[in-house]
Structure formats: C-alpha cells, structure tokens
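Where a number appears in this text, it was derived from the coordinates with a stated rule and is not lab data. Note that this is a predicted model, so its numbers are computed, not measured. As a convention, Cβ positions derive from the backbone with ideal geometry for all residues, glycine included, and neighbour counts pool all protein chains shown.
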Amino acid sequence: MLVTGIYGHALPKQHGAPVRLVVPWKYGYKSAKSIVRIELVAERPRTFWSELEPNEYDFLANVDPAVAHPRWSQASERLIGTLETRATIEYNGYGPEVAGMYV
C-alpha cells in the first residue's frame, strides 16, 4: 500500500512523508522507510540487507517459514507484546496476494 497519511492525518516525516510504502507481510527492517523515486527493473536489484549479510537476509528472509535463518528457526514467532508463540504463517498470511512475486 502506498500511504500518505496515518490515523486520519497527513503522514509526518518520522513516518516516511510524503509517501510511504507499507508492506504488511514484511518485517519492519525489510520494508521501505520512505520513497524518493520508483524505478521498474527487469531483474531483482541488490539490497542493503542482502549486500550486508547475503547468507542471512536473502529475498525470502522472514516470509517463508520453511527457509531457516542460519542462526535460528523461522518456523515459529512470538506475538508482539506477549510471550505467546505460534507457527509462522507463510508470507504473514498474505500468500495468495504476494506469493507470485517470490517465484
């Protein structure tokens, strides 16, 4: 989703103003913080995280629970604000909408 506001108000700079890409199936560190330009390319570009640690942050990092992180399992997750854990849902539940982007 491209958003320009939050909670009924214009998007402030600390939330990525003037426009922010919200990617609900990605964890925050994998999502865009603000957009300065949009460029359509034929091949997947290198990213900051994949350049920094390619063995830990590949394109499927944190979206496919069957792809284990080198240092921990992604098969379960802890719910924010609780100690409760559950089985990780593939693509955080957005599989039907986004799985085709990962082929």
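Toward the positive end of the charge dipole of the range 43-103, with +1 on the Cβ of Lys and Arg and -1 on the Cβ of Asp and Glu, the farthest Cα among Y94, S73, L52 is that of S73.
Taking 0.890 mPa s as the viscosity and 25 °C as the temperature, the Stokes-Einstein diffusion coefficient of the range 43-103 based on its alpha-carbon Kirkwood radius rounds to 190 µm²/s. Taking a sphere under 14 Å around the Cβ of E84 and counting the other residues whose Cβ falls inside, with K and R at +1 and D and E at -1, yields a net charge of +1. For the chain, taking the reciprocal of the average inverse distance between every pair of different Cα atoms yields a Kirkwood hydrodynamic radius of 15.6 Å.
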